[in-house]
Amino acid sequence: MNTRDFIQQYREGDVRQLALQGARFPEVDMPFALDQIAGWQTARKKLPTWAATEGIIYPPHLSMEQCSSEQTARYKAQLAKRLLSAVTQVGERQTPTRLLDLTGGFGVDFSWMSRMFNDAVYVERQSLLCSVARQNFQLLGLEHVEVVCDDAEHYLSETERVDMIFLDPARRDTHGTRTYAIADCTPDVMALSELLVQKARWVVVKLSPMLDWHKAVEDLVAVCEVHIIATGNECKELLLVLKGEPSEKGEQQNLTVHCVNDDQSFSFVPSCHVSRCDIATDIPGGYYLYEPNASVMKAGCYDTLADRYKLTALSMNSHLFISSHLLEDFPGRRFRVIAVSSMNKQAVKELLKNVGRANIAVRNFPLTVAELRKRLKLADGGDRYLFGTTSDDGKHLLILTEKV
């Protein structure tokens with residue numbers, strides 16, 4: 001059995017078990033085969049279009065772990081399309097457009113973004129990844145792209161001005177340890193930011209979602225958009241868009257923040273002055289409870305959110321909101337309040353008298369989910385959602401709800 005046949009036959013197998021059986025298949029390049037099997041298994045969920053394309057070569061585990069998902073890559077392609085729409089028309093003639101990806105990696109983001117451009121260049125310093133990219137791009141029908149094996153800083157210094165530059169700097173040091181600060185990434189976007197905005201109309205930088213986006217905006221020049229991208233209510237990426245021709249460092253003029261979680265979106269301008277939201281003094285049954293999604297939580301735009309939707313906060317630190325009517329387009333989860341109680345033993349007993357299981361969440365509460373579940377003796381799951389939180393006057397509350 002050759003290596004290709006082995007991969008095809010065992011690609012749904014347990015990679016660890018297959019690794020132990022290597023001696024049975026001396027003619028198989030087992031390290032390569034295991035990378036391909038593990039990569040394809042990851043791609044089935046993360047990159048379904050790639051997984052459905054026969055012949056795609058997958059890199060070692062680290063590159064698969066670090067690459068974007070298909071969902072977030074498609075988002076970047078739509079972002080590129082929107083940004084380009086303002087510059088591609090000159091009279092009645094459409095001008096050619098050019099993308100430069102300085103940190104190509106596995107090429108997932110590049111493969112979707114490049115479709116928005118007439119011409120696209122993938123730059124990667126690892127020759128192995130370049131070889132993989134050349135084959136994969138051909139299989140994906142990307143005939144208009146060029147693969148260049150070079151250092152990002154060197155290629156940037158030599159290139160002509162382009163329409164868009166994309167960077168996803170490596171967030172691990174030489175020992176493989178994760179890094180989060182912009183200055184600790186490779187290449188150093190802080191050091192290159194002024195040159196980047198001289199070389200492109202737009203620069204899109206992908207950063208760790210662990211970063212404080214306020215600090216990231218301060219660290220770079222000419223930031224005009226921040227995109228906080230979550231999928232499945234988990235923050236995955238922080239994107240900064242820099243506008244060509246530098247402005248003053250840290251300038252936030254015309255800055256817009258976009259919070260995205262799957263099909264939910266919420267955008268705001270941080271420079272707008274918004275008064276602090278009202279605090280609830282009571283939570284009537286039949287009201288609606290709102291929990292912002294992960295991207296909004298990361299943005300920290302609670303007063304803006306409450307002002308936009310005319311919401312009342314449960315407290316300054318709960319990040320939960322209520323209203324008397326249902327808001328269909330709220331960027332987060334929505335619940336109908338069934339009843340509310342204190343943590344008094346008799347009050348809790350009354351609240352939960354017909355409830356044997358519930359989905360539990362805590363916000364600004366002294367107990368963890370596990371501790372609260374144990375105290376209340378509730379099984380997990382069901383159609384009831386129980387929130388443990390603290391009111392603005394310091395009272396610990398349980399709010400029983402159902403999802404809408």
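The values are calculated or read from the model by the stated rules, or taken from the named source; none is laboratory data. Fair warning: this is a prediction, and the values are worked out from it, not measured in the lab. Cβ atoms come from the backbone with ideal geometry, glycine included; neighbour counts cover every protein chain shown. Accessible surface is based on the protein model in full, side chains and every heavy atom, while ligands, DNA and RNA are left aside. Shrake-Rupley method; radii C 1.70, N 1.55, O 1.52, S 1.80 Å.
Below 22 Å, Cα to Cα, which lysines can LYS206 reach? Residues fewer than 8 away in the same chain don't count.
Counting by Cα, and skipping residues close in sequence, LYS206 has these lysines nearby: LYS45, LYS46, LYS76, LYS81, LYS215, LYS236, LYS243, LYS249, LYS298.
For a protection proxy built on the mean count of beta-carbon atoms within 10 angstrom, sort 335-342, 136-143, 32-39 highest first, please. Don't skip to the answer; put the middle values down first.
On the way: 335-342: 17.4, 136-143: 15.2, 32-39: 21.2.
Ranking, from highest mean packing down: 32-39, 335-342, 136-143.
Count the net charge of all other residues whose Cβ sits under 14 Å from the Cβ of TYR155, scoring Lys and Arg as +1 and Asp and Glu as -1.
Numbers: positive: ARG98, ARG125, ARG161, LYS199; negative: ASP101, GLU124, GLU146, ASP150, ASP151, GLU153, GLU158, GLU160.
Summing Lys/Arg as +1 and Asp/Glu as -1 gives -4.
What percent does the relative contact order of the chain come to when contacts are Cα pairs within less than 8 Å and at least six residues apart?
On the way: 772 pairs, mean separation 32.5, N = 404.
Relative contact order for the chain comes out at 8 percent.
Looking at the square roots a ≥ b ≥ c of the eigenvalues of the Cα gyration tensor of the chain, which shape do they give, rounded for a/c under 1.5, prolate if a/b is larger than b/c, or oblate? Working shown, then result.
Working: a/c = 2.49, a/b = 1.41, b/c = 1.77.
Oblate is the answer for the chain, as a/c is 1.5 or above yet b/c matches or exceeds a/b.
What number comes out for the charge environment of GLN138, summing +1 per Lys or Arg and -1 per Asp or Glu over other residues with Cβ under 13 Å away? Spell out each step's value before the answer.
Numbers: positive: ARG134; negative: GLU54, GLU143, GLU146.
Residues close to GLN138 contribute a combined charge of -2.
Whenever you get a sec, compute what percent of the accessible area on the stretch 280-381 sits on carbon and sulfur atoms (1.4 Å probe).
Values: 2400 of 5070 Å².
Reported share for carbon and sulfur atoms: 47 percent.
List the relative contact order of the stretch 270-389 as a percent without decimals, with contacts defined as Cα pairs under 8 Å and 6+ residues apart. Don't skip to the answer; put the middle values down first.
Working: 172 pairs, mean separation 29.6, N = 120.
Reported relative contact order: 25 percent.
For LYS353, go through the lysines and keep the ones whose alpha-carbon is under 23 Å away, minus same-chain ones fewer than eight residues off.
In chain and number order, the partners are LYS345, LYS374, LYS377, LYS395, LYS403.
Between LYS374 and HIS144, what length in nm is gained on full extension when 0.36 nm per residue of separation is reduced by their alpha carbon distance? Please report the intermediate quantities before stating the final value.
Working: separation 230, 0.36 × 230 = 82.80 nm, distance 5.92 nm.
Gain in length upon complete extension: 76.9 nm.
Using 0.36 nm per residue of separation minus the Cα-Cα distance, give me the extension gain between GLU402 and ALA19 in nm, one decimal. Write out the running numbers ahead of the final one.
Numbers: separation 383, 0.36 × 383 = 137.88 nm, distance 4.72 nm.
Answer, rounded to one decimal: 133.2 nm.
Hey, quick one: spin label on GLU245, modelled 7 Å out along Cα-Cβ, who in the stretch 190-206 has an amide N within reach, i.e. under 19 Å?
193-204
Working from Cα positions, state the angle (0 to 90°, nearest 10) between the long axis of helix 30-46 and the longest principal axis of the chain.
Once rounded, the angle reads 50 degrees.
Nearest 5 percent is fine: what portion of the DSSP beta bridges confined to the chain is antiparallel? List each step's numbers first, then the result.
Details: 48 of 79 bridges.
Of all bridge pairs located within the chain, approximately 60 percent are antiparallel.
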